[in-house]
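Okay, structure first, notes after.
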Amino acid sequence: MENEVENIKFLDLVRGALSVDDLEQARISLLGKKGEITNLMRSLGQMDVKERKVKSPQYNRLKQTLEQAIKEKRDTLLKKEIEARMDAEWLDISQDPREMNTGLVHPVSRVTEEIVSIFSDLGFSVAEGPQIESDWYNFDSLNIPPDHPARQEFDTFYINPDDNGRSENVSPNVLRTHTSPVQVRFMEKHGAPCRIIAPGRVYRSDYDLTHTPMFHQIEGLAIGEGISMSNLKWVLVEFCKAFFELDSIDLRFRASHFPFTEPSAEVDIRCSWVANSLVVGKGDDWMEILGSGMVHPNVLEAANVDSTKFQGFAFGMGIDRLAMLKYGMPDLRSFFDNDIRWLKHYGFAAEKSSNLYDKLSG
Ligand code: PHE
């Protein structure tokens, strides 16, 4: 009878376990090295033969009953734990996925890439120069001496001006007003002949529908022996046809003046405004897209190029203007507002990364 009570106490210990850990504790306290049942089994050795004959089968049965009970209990507990985890970690696969925010390529970056790729087909390579420029490179070397009226026309941002707002006497630095200083920097370093384009940011104190204080230009320069104005015209017409994807293009070469080219021409493209957006090739409006001309001998000499041997052409185009024309954007100022709605509307999917994805998954 006493045994029965003991047995029930052991079984309760097993059945009362609340977790797998709990059950393991119970098992150790019963069947472990120093467990109660282990001790009982050990005590058989001290008994006389008669007593052992009675107790031994009892103890063994008890041990087997407990082992069986532990196994069953472990199974139920494990099952319960798995069910609890499945409840807790349940995933609603029917739910809508979270929106992915993929970035887009800004029209200026996209158009710069398009222009660079067209000119590299024509044999031009890419050069660069600093945005903070000395007034030697921005003006003097380009045949614009300190008192030349053209300095005023540029609406220059001066850095460290002296008391009179002029920079001649102290640290003569400016935010470059055009990409033309790259002409001189490049020829000085690499000499002639050469054929380069130089895209980048330029700065002028100006602000309206088609002007922003920071904008983008791309400079072109081709120097060699026997280069003429007709080479310039051919390159520009070919470029415009490729860029606007048109078989023929209406360009207007207007005689103009730049101190660093002689003769000089400004080039306009035929366009019109239809429903608040710009259309290229049709209409009665003209939009100026670039300045150009034959590089002035003084510029070649400033860059240590022999002007009796070499000559060539240069041009400077407004990248943002070309973007407005090609993609029908009415207001240049919105290019740099960082308005996410504008960027989403006019931005381009990143072709490069999708190609990469194809490569990775293919
Ligand atoms: N630098 C001129 C401008 O910004 C453009 C230009 C470049 C003109 C090269 C002639 C030759 O207006």
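The values are calculated or read from the model by the stated rules, or taken from the named source; none is laboratory data. Model, not experiment: these values are computed from the prediction. Here the Cβ is made from the backbone with ideal geometry for all residues, glycine too, and neighbour counts use every protein chain on show. Accessible surface areas use protein heavy atoms only, side chains included; no ligands, DNA or RNA. Shrake-Rupley method; radii C 1.70, N 1.55, O 1.52, S 1.80 Å.
How many Lys pairs in region 240-362 lie less than 24 angstrom apart by Cα atoms, where the lysines are 8 or more positions apart or on different chains?
Lysine pairs satisfying the spacing and distance rule in region 240-362 number 6.
Please compute the length gained on full extension between Glu51 and Val116, using 0.36 nm multiplied by the number of residues separating them and subtracting their Cα-Cα distance.
Details: separation 65, 0.36 × 65 = 23.40 nm, distance 10.32 nm.
Computed gain between Glu51 and Val116 is 13.1 nm.
Which residue, Tyr346, Pro263, Gly129, has the largest displacement toward the positive end of the dipole of the chain when charges sit on each Cβ (Lys, Arg +1; Asp, Glu -1)?
Selected residue: Tyr346.
Of Gly191, Tyr207, Ala84, which is farthest on the positive side of the dipole of region 58-207, counting Cα position, with +1 on Lys and Arg Cβ, -1 on Asp and Glu Cβ, and the Cα centre as origin?
In region 58-207, that residue is Ala84.
So which residue, out of Ile340, Ile223, Ile93, gets the largest mean-square fluctuation from a GNM of the chain using Cα contacts under 10 Å as springs?
Ile93
R0 = 25 Å: FRET efficiency of Ile159 with Ser307, Cβ-based, nearest 0.05? All intermediate terms of the calculation are to be shown ahead of the outcome.
Values: r = 31 Å, r/R0 = 1.25.
Taking R0 as 25 Å, the efficiency between Ile159 and Ser307 is 0.20.
To the nearest 20 debye, what charge dipole does region 1-130 have about its Cα centre, counting +1 at the Cβ of each Lys and Arg and -1 at the Cβ of each Asp and Glu?
My answer is approximately 1640 debye.
Which distance in nm do the two modelled labels at Leu209 and His345 give, with both placed 7 Å along the Cα-to-Cβ direction?
Simple spin-label model gives 1.6 nm for this pair.
Specify the residue with the greatest mean-square fluctuation among Ala150, Ala303, Ala26, computed from a Gaussian network of the chain linking alpha-carbon atoms under 10 Å apart.
Ala26
Which peptide among 214-221, 66-73 comes first, and what is the full order, when sorted by highest mean count of other Cβ atoms within 10 Å? It would help to have the intermediate numbers written out before the result.
On the way: 214-221: 22.4, 66-73: 16.2.
Taking the mean over residues of other Cβ atoms within 10 Å, the ranking is 214-221, 66-73.
Of all the accessible heavy-atom surface of the chain, with the other protein chains kept in place and a 1.4 Å probe, what percent is carbon and sulfur?
Looking at the chain in its full context, I get 51 percent from C and S.
For the chain, what is the accessible area per residue in Å², given a 1.4 Å probe and the full set of protein chains?
Details: 21320 Å² over 362 residues.
In whole numbers, the chain has 59 Å² accessible per residue.
When the Debye formula is applied to the Cα atoms of the chain, each taken as the same point scatterer, what base-10 log of I(q)/I(0) results at q = 0.09 Å⁻¹?
-0.63
Quote the Stokes-Einstein diffusion coefficient, in whole µm² s⁻¹, for region 2-88, based on the Kirkwood radius over alpha carbon pairs, a temperature of 10 °C and a viscosity of 1.306 mPa s.
Rounded to a whole number, D works out at 113 µm²/s.
Tabulate in residue order the Karplus-calculated ³J(HN,Hα) for region 198-212, using 6.51 cos²θ - 1.76 cosθ + 1.60 with θ = phi - 60°, rounded to whole Hz; enter x for Gly and Pro.
With coefficients 6.51, -1.76 and 1.60, one gets 9, x, x, 7, 9, 9, 8, 7, 7, 7, 7, 3, 10, 9, 10 Hz.
Let me know the charge dipole size of the chain about its Cα centre in debye, to the nearest 20, where only the beta-carbon of Lys, Arg (+1) and Asp, Glu (-1) is charged.
Computed about the Cα centre, the dipole is about 2520 debye.
Between Pro297, Pro130, Pro149, where does the largest GNM mean-square fluctuation fall for the chain, given springs only between Cα atoms within less than 10 Å?
Pro149
Just tell me which lysines come within less than 29 Å, Cα to Cα, of Lys50; anything on the same chain fewer than 8 places away is out.
Lys9, Lys33, Lys34, Lys63
Can you show me the helix-derived [θ] at 222 nm for the chain, built from DSSP H runs with n ≥ 4 at -39,500 (n - 2.57) apiece and divided by the number of residues, rounded to the nearest 500. The partial results should precede the final answer.
Numbers: 13 runs with 156 residues, N = 362.
Roughly -13500 deg cm²/dmol at 222 nm, from the helical runs in the chain.
If one computes the Cα centroid of region 270-311 and of region 123-137, what distance in Å separates the two points?
Cα centroid of region 270-311 versus Cα centroid of region 123-137: 17 Å apart.
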